[in-house]
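Enquirer: Mind looking over this structure? Questions follow.
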Amino acid sequence: MKIKFVGTGSGETSLKRFHSAFIINHRNYSLLVDAGDGISRALLNQNILYNDIDGILFSHFHPDHYCGLPSLIVQMKISRRAKPLTIASHRSRIGFLKEFLKSSLLFEERLGFEIKFLPFVAEHKFKINSDIEIIAKNNTHIAKFDEYNEDDFSFSFIFKINKKNILYTGDVGSKDDLFLFKDEIIDVFITETTHINFEDIISALENILPKKTILTHISSEDENEIDAFIEKNKNRFSITAAFDSFSETLK
């Protein structure tokens, strides 16, 4: 199993990093987690074939996490994709995604391949395929927008694959969001760095005790501080700052 970081940047557009996204590959199935603006170019930049993507999972609907979907679908069509594509999202946003594609003049009967929409519900296990089991938990990243849309959510995920647990915080809103899966044994802890401070990350690591921690969603101006943070804690925790094209293999 391999985790491949397609983009590791924050919501601010950067010449150095594409917006945050990664691929989990296991037994020839590739799941893309988030597909923000520029995702097609990010994949091309790493020589990842569009049609190698089997499924897409969305954590939330800020533009840097979903706006690249129509362009990616177009690239798949141009590449003569034939196999189905699974798109997983919270059930409240499936209708929005369908309309988003239609508004982009992308009609399934003209694509040449099937799109299978997979709705999920928080706190309930669901499977992308027979090997990849996922649990989503609602975090507080977009809680401040509740007055505008009560049906929108932001999620943290745990991926259960081949007896390994991968925790992805997604974008968070408070330190408590780092502890949503505190009762699980975590092999890889993937956390963003833009909306949380280093002290809170350390607090989470002290409690969760993951075998490996990977930092992503990195702002360019924070890179030196992140390097110093890793150096300071290198004897306590295994921490890596991901960069675009970075990969982690789990055996």
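The values are calculated or read from the model by the stated rules, or taken from the named source; none is laboratory data. It should be emphasised that the depicted structure is a prediction, and the values quoted were computed from it without experimental measurement. Cβ placement follows ideal geometry from the backbone for every residue including glycine, while neighbour counts extend to all protein chains displayed.
Enquirer: Report whether or not residue 172 is touching a His at 6+ places or on another chain (Cβ under 6 Å), at negative phi and either of a type in the set (A, V, I, L, M) or without any contact (Cβ under 8 Å) to a residue 60 or more places away in the chain (or both).
Expert: So residue 172 fits the description; yes.
Enquirer: Let me ask something else. Out of 246, 153, 145, I need the residue that is aromatic (Phe, Trp, Tyr) and touching a Phe, Trp or Tyr at 6+ places or on another chain (Cβ under 7 Å). Which one? Let's see the steps before the verdict.
Expert: On the way: 153 fails: touching a Phe, Trp or Tyr at 6+ places or on another chain (Cβ under 7 Å); 145 fails: touching a Phe, Trp or Tyr at 6+ places or on another chain (Cβ under 7 Å).
When all the criteria are applied, what remains is 246.
Enquirer: Something else: Only one residue in 30, 20, 71 is out of contact with any strand residue (DSSP E or B) (no Cβ under 9 Å at 6 or more places or on another chain) and modelled with pLDDT of 95 or more, so which one is that?
Expert: Criteria check complete, one pass: 71.
Enquirer: If the Cβ limit is 9 Å and pairs must be 6+ apart or interchain, which residue in the range 220-247 that is over 15 Å from residue 205 (Cα atoms) and modelled with pLDDT of 95 or more pairs with which residue that is in a strand (DSSP E or B) and charged (D, E, K, R)?
Expert: Correct list of pairs: 242/248; 245/4; 246/4; 247/2; 247/4.
Enquirer: Note down all Cβ pairs under 6 Å where the first residue falls in the range 122-133 and is under 12 Å from residue 160 (Cβ atoms) and touching a residue at least 24 places away in the same chain (Cβ under 8 Å), the second is of a type outside the set (A, V, I, L, M) and assigned to a loop (DSSP other than H, G, I, E, B), and they're at least six residues apart or on different chains.
Expert: From the range 122-133, the pairs are 131/27; 133/125.
Enquirer: Could I ask something else about it? If we scan the range 195-214, do we find a residue that is of a type in the set (Phe, Trp, Tyr) and either within 18 Å of the chain's Cα centre (by Cα) or on the phi > 0 side of the Ramachandran plot (or both)? So that I can check it myself, show each step before the final result.
Expert: Filtering the range 195-214 down to residues of a type in the set (Phe, Trp, Tyr) leaves 198.
Narrowing the set further to residues that are either within 18 Å of the chain's Cα centre (by Cα) or on the phi > 0 side of the Ramachandran plot (or both) leaves none.
The answer is no, given that none of the residues of the range 195-214 is of a type in the set (Phe, Trp, Tyr) and either within 18 Å of the chain's Cα centre (by Cα) or on the phi > 0 side of the Ramachandran plot (or both).
Enquirer: Looking at the range 22-36, can you tell me whether even one residue there is of a type in the set (Ser, Thr, Tyr), without any contact (Cβ under 8 Å) to a residue 60 or more places away in the chain and assigned to a helix (DSSP H, G or I)?
Expert: Checked against the condition, which is being of a type in the set (Ser, Thr, Tyr), without any contact (Cβ under 8 Å) to a residue 60 or more places away in the chain and assigned to a helix (DSSP H, G or I), the range 22-36 yields no hits at all.
Enquirer: Give me the strands (runs of 3 or more DSSP E) completely within the range 173-251, filtered to those with at least 1 residues that are within 27 Å of residue 162 (Cα to Cα) and of a type in the set (Gly, Ala, Ser), ordered by residue number.
Expert: On the way: elements: 188-192, 212-216, 239-241, 247-249.
Hits in the range 173-251: 239-241, 247-249.
Enquirer: I'm checking my understanding of the structure. Among residues of the range 1-14 that are out of contact with any His (no Cβ under 6 Å at 6 or more places or on another chain) and assigned to a strand (DSSP E or B), which one is surrounded by the most Cβ atoms within 10 Å (Cβ to Cβ)? Reasoning before the result, please.
Expert: If we filter the range 1-14 for residues that are out of contact with any His (no Cβ under 6 Å at 6 or more places or on another chain), which is where we start, we get 2-6, 8, 11-14.
When the remaining residues are screened for being assigned to a strand (DSSP E or B), the result is 2-6.
Values: 2: 12, 3: 23, 4: 20, 5: 23, 6: 26.
Residue satisfying both the conditions and the ranking: 6.
Enquirer: I've got another one for you. Of everything in the range 15-37 that's over 22 Å from residue 84 (Cα atoms) and crowded, with 18+ Cβ neighbours inside 10 Å, which residue is farthest from the chain's Cα centre (by Cα)?
Expert: In this case the residue turns out to be 17.
Enquirer: Another question, then. Applying the selection to the range 37-47, what residues are under 25 Å from residue 105 (Cα atoms) and in a loop (DSSP other than H, G, I, E, B)?
Expert: Result: 37, 38.
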